[in-house]
Structures are given as C-alpha cells and as structure tokens.
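Novice: Before we start, here is the structure in question, set down as structure tokens.
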Amino acid sequence: MSLTHRFLLAKHWQIFLLTFVIPFLLQLGVMLTWAVNFAQQIMTQTEPDLTGMFSIFKFFPVLMIVYSAAHFFWLWSLAIGLQPKVPAHVLMKTNKFKGFFFFQISYLLLFSIGISVFISTMPTMIEHAEAPNFNLIGVVFAVVFPLHFFALLSVLYCMYFAAKTIKTVELQREVSFGEFIGEFILIWFHAIGVWFIQPQVNKLMESKPKEID
C-alpha cells in the first residue's frame, strides 16, 4: 500500500495530528527555547549574545519543511491519489496541478532559506552598525513580490483542484465551482476542514469502482 493510499484511508484525527498538532508543537518548542534563552540573558543582566540568539533561525527552512510536509502530502493525496476514481469521460489537468504544486514547494523552500540567511546576518549588521542596503532590498522586493504572488495563486489552484477532484469522484461527473466551493473552503482552513473532508474521502475510498495503485 502506497503512502498516498494510507493518507486517503487515514482517519480525520490522524491527519489533524500530522498536519497541525505535531508541526505546531515542534514550532512552539523551538520558539519557547529561544524565548527562555533570551529571558535568561536578561535576568542575569548579561549582554545578549545576538549571534547565539539568532542562530536558531538557521533551522527555519527545516522548520518550514516539517511544518508543511504533511499538509502538502495530504493535498497531493486528495488531488492525485483520487485520480483513479475519476470517471474516464472527465478530463482533469493533473500536469497543471503538479506544476503549480511543485512551484509552491520550491518557492517556500527558497523563501525560507532567504529569510534564514537574512536573519542570521542581522547580529553582524547590528554589531558593526551597518546601514541596510536599500538598493539591494529594493531589487529583492521587486523579484520576490511577483514570485510570492504567483506562489499564492499556486496554493489556491492546488486547493481548487483537490476540492474539484473530491466532488468529481463523489458525483462521478463534471462539476462546477459552485458545487465544490464548500470543499475548497474546508481545504483552505484545513485545521477545521480536515474533520469534514477526511470522512468524506474515507467514504469515497470504501466504494471501489477502480483500484488505486
């Protein structure tokens, strides 16, 4: 049984733990560690070790991957894992979905690395009283803003595609956006939506017009 298939068969509480609770606790633990370290330096009236304080942000890309991995895989399972159950006469543009899907992951990883590098260099800038390079900041903003906007569109399209796939499998016909807008909103707010979407997916998995790889 593939991992995608396991995600589709998982219970709502299991998906909730994987996509929300565990990543949240991990992120909370890291931030509390940073806060406690900062508070200890203040209470002991020692000069804050900026390099040590900001070094934790080197792990920001790893945190983002851990925080997002399960959610992305759940989204992939909904959109691609259910494709064998889509009726043959309905055309689903899976290649378009995959393009948007992998773009948003790539952008998130590169963006988190950029943020990590920027924050990690802040202690050096503060210690040497270096003025920000506004020209460089302007160039970076000009590049990042359109990419960020396109990444947002990619996220919305992937949720749209996953919601459409669920409803198409359920009704076994071509569907309009008005018919699956509820699924779209629930996937968007997945911390709540998973409690409704996953039981719906479990029911779809119980009916087996076609076998899933």
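Novice: For the pairs LYS11/LYS98; LYS96/LYS167; LYS98/LYS164; LYS164/LYS203; LYS11/LYS93, note any where the Cα-Cα span goes beyond 23 Å.
Specialist: LYS11/LYS98; LYS11/LYS93
Novice: May I ask for the Kirkwood hydrodynamic radius of the stretch 136-175, worked out over all distinct Cα pairs and given in angstroms to one decimal?
Specialist: Kirkwood hydrodynamic radius for the stretch 136-175: 12.1 Å.
Novice: Taking every alpha carbon pair in the stretch 149-201, what does the distance histogram look like in 5 angstrom bins from 0, in percent?
Specialist: Spelled out per bin, shortest first, that is 5, 22, 29, 25, 13, 5, 1.
Novice: Calculate, for ILE22 and LEU109, the FRET efficiency according to 1/(1 + (r/R0)^6) with r their C-beta to C-beta distance and R0 25 Å; round to the nearest 0.05.
Specialist: My answer for the efficiency is 0.80.
Bear in mind these aren't lab numbers, they're just calculated from the coordinates by the rules spelled out. What you see is a predicted model; the values in this text were computed from it and never measured. Cβ sites come from the backbone with ideal geometry, for glycine too, and all protein chains shown count toward neighbours.
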